[in-house]
Amino acid sequence: MAAHQEKKLAEERKHQNMQNDTKTSQGQWGRAWEVDWFSLASILFLLMFAPLIVYYFIMSCAQYQCSLTDPLLDLLTGNKHLSDIWNRTPMLTYRAAAIYSLWVTFQVFLYVSIPDFCHKFLPGYVGGVQEGAVTPAGVVNKYAINGLQAWIITHVLWFANAYYFHFFSPTIIFDNWIPLLWCANILGYAVSTFAMIKGYFFPTNAKDCKITGNFFYDYMMGIEFNPRIGKWFDFKLFFNGRPGIVAWTLINLSFAAKQQELYGEVTNSMILVNVLQGIYVLDFFWNEAWYLKTIDICHDHFGWYLGWGDCVWLPYLYTLQGLYLVYHPVQLRTDYAMGVFILGLLGYYVFRMTNHQKDLFRRTNGNCRIWGKKPEYIECSYMSVDGTKYYSKLMTSGFWGWARHFNYTGDLMGSLAYCLACGFEHVLPYFYIIYMTILLTHRCIRDEHRCSSKYGKDWKCYTAVVPYRLLPRVF
């Protein structure tokens, strides 16, 4: 009898410990439940100043030939007032509103109405309906992958217009750049606000929502994990990839067309920026199914950070190199241009091969060869909200044995190449490498905090085997 009671008590303690573990997992895996003062201060800063930062960069190019210091000097010395700068800024126009509305509507149409056909004839391309990662609530969403198709259709129509139909000028984006900025801001704020209201009142999956009670944090970081309308329109996948990233290469092409119009030629630096950033964009869409396993989809909720960021920050600040080269055309020495090109290709190789190794490892469940050998790994476990226990493997071979985020290292090498293509006359085009360094370093820390919460002691074992984040023996 006593033995039976002891066994029963032990089972109850085991069950209670499992519940506690699950509760911890629920509270810490993914976006935070509670807001500390530093996070709140950072969020308030971004909400107030990020739109102004974007405006300042674009205005500096339009009114001050891309000088970041001259506007401040004019204001501090009293040569100009804020009203003088603002009055010279183009306002929202019906033309820009029509262009932007047509653009977004067209991308929505391509996203929801044309099933992917590229995977049927392009060897190695993974498109069509694909599954995402397990959410904290234990849900596995399905996604309609057709970004490469949308990119191809869009650019075929762009070149067909430029060379045959001539419905509009290839410089149309540059010519309406600031009015389009106001349109992008309207969409960014509208979709972020809608996502918050939806998260409160009619979420797609209530178990994957997080509400801290702090309005600013919830608005910025999002409430819903995977907000959707209908079965297939997924907010995160659409706004992360379309319309911003599809537009990236079109924006650069418009800048190149403007350079041709103004100076009668397209410089090798502009070609470098178009080619290197074009490779990055094409890689994104070719590997869109792999993107479903990244931090944006797997961890971030959808709020202003992604909604406004993808509509405004990405297309306007990631294309600063091309914009700068319209105002300051740079013809690089051949040897220097080749060095920049090689750095960009090397960065892309490291970025792509690092991600390929992880993807191959995941798809084969470790039954593959990395650098000619069977990969080593650490097996980890974690729990979803419903208490289901899952297992995953963290690879410690190949590039992933060098550093825990070596793909980011390759990304930074490519980012530096974009900036170096612009020469050294102004600091503005170097904003990208400065920003990406801060962003990816912060992502390392943010991602590892979540992994530590998710995997517990298993994560400590992993970091002991792979002690560096970005640069072996440095950081």
If you bin the C-alpha pair distances of region 217-362 every 10 Å from 0, what whole percents do you get?
10, 32, 32, 19, 6, 0
Which of C451, P429, A337, positive extreme of dipole for region 333-474 (C-beta unit charges)
C451
Cβ crowding within 10 Å averaged over residues, with 250-260, 137-147, 158-168 ranked highest first
250-260, 137-147, 158-168
Enter the per residue convex hull volume of region 90-331, computed from alpha-carbon coordinates, in Å³ rounded to the nearest integer.
136 Å³
Along each of the three principal axes of the Cα atoms of the chain, give the extent in whole Å, ordering the values from largest to smallest.
94, 52, 48
How large is the accessible surface per residue of the chain, computed with a 1.4 Å probe and reported in Å² as a whole number?
48 Å²
Listed highest first by mean packing, meaning other Cβ atoms within 10 Å per residue, what order do 414-424, 329-339, 287-297 come in?
414-424, 287-297, 329-339
Give, as a single signed number, the net charge of other residues whose beta carbon lies under 10 Å from the beta carbon of S169, with Lys and Arg counted +1 and Asp and Glu -1.
-1
Crossing angle, helix 244-263 versus the chain [Cα axis fit, 0-90 degrees, rounded to tens]
20 degrees
Could you sort the peptides 124-133, 354-363, 39-48 by per-residue average Cβ neighbour count (10 Å cutoff), highest mean leading?
354-363, 124-133, 39-48
Residues in region 283-322 that a label on F45 would reach, taking backbone N under 19 Å of a point 7 Å out along Cα→Cβ
304-306, 309, 313
Taking 8 Å as the Cα distance limit and 6 or more residues as the minimum spacing, I'd like the relative contact order of region 25-156 as a percentage.
15 percent
Of the accessible area of the chain, with the probe set at 1.4 angstrom, what percent is carbon plus sulfur?
65 percent
Theoretical FRET efficiency, 1/(1+(r/R0)^6), r = Cβ-Cβ of Y349 and Y164, R0 60 Å, to 0.05
0.95
Counting other Cβ atoms within 10 Å, which trypsin sites (Lys or Arg not before Pro) in region 173-245 have at most 15 and lie in a DSSP loop?
K231
Residue farthest toward the positive end of the dipole of the chain, with Cβ of Lys/Arg at +1 and Asp/Glu at -1: which of H405, I378, F233?
I378
Translational diffusion coefficient (Stokes-Einstein; Kirkwood radius from C-alpha pairs) of region 333-474 at 20 °C, 1.002 mPa s, in µm²/s:
127 µm²/s
Any idea what the dipole of region 90-331 comes to, in debye rounded to 20, about its Cα centre with Lys/Arg Cβ at +1 and Asp/Glu Cβ at -1?
420 debye
Total formal charge among the other residues, if their Cβ is under 13 angstrom from that of V112, Lys/Arg +1 and Asp/Glu -1
+1
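The values are calculated or read from the model by the stated rules, or taken from the named source; none is laboratory data. A quick note: this is a predicted structure, and the numbers were derived from the prediction, not measured. Every residue, glycine among them, receives a Cβ derived from its backbone with ideal geometry; neighbour counts consider all protein chains shown. Keep in mind that these areas ignore ligands, DNA and RNA; they rest on the heavy atoms of the full protein, side chains included. Shrake-Rupley method; radii C 1.70, N 1.55, O 1.52, S 1.80 Å.
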